[in-house]
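Undergrad: Sharing a structure here in structure tokens format.
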Amino acid sequence: MTKVMELFHRPQEPLPPEADLPIRLTRKAPREAAKLLERYPEDVAARALALVNPALTVDILALLPETRRQRIAAADLSGRSEQWITDRNYPANTVGRQMDKPLA
């Protein structure tokens with residue numbers, strides 16, 4: 001393999017442990033985080049997104065196909081998926097995108 005080919009042929013990095021996924025998502029740009037999330041089952045993705053800032057969660061979900069978004073929302077057991085859907089209706093970089101589900 002030539003040097004140029006080596007630069008463009010990068011093997012996929014191994015999947016991080018599920019416990020590290022929320023941290024890894026927050027350290028990546030939304031597009032890269034969405035690519036990483038694509039490699040996990042919906043229930044794992046939902047659990048990780050429930051621990052991430054709501055605005056980042058909305059940005060990541062916006063980059064996924066609609067069917068994948070729906071499956072992740074359906075797999076969410078935290079109850080936050082309804083808020084993710086609501087937050088999508090607010091313009092980017094507004095307080096509305098950062099809202100989280102009320103505790104009471």
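Undergrad: Restricting to helices (runs of 4 or more DSSP H) lying wholly in segment 20-71: which have 3 or more residues that are under 17 Å from Q83 (Cα atoms) and touching a residue at least 12 places away in the same chain (Cβ under 8 Å)?
TA: Answer list for segment 20-71: 42-49, 54-62.
Undergrad: Only one residue in A48, A29, A92 is of a type in the set (A, V, I, L, M) and either at pLDDT below 90 or over 11 Å from the mean Cα position of the chain (by Cα) (or both). Which one?
TA: Checking each option against the conditions leaves just A92.
The values are calculated or read from the model by the stated rules, or taken from the named source; none is laboratory data. All values derive from a computational prediction rather than experimental measurement. A quick note on method: Cβ atoms are made from the backbone with ideal geometry, for glycine too, and the neighbour counts reach across all protein chains shown.
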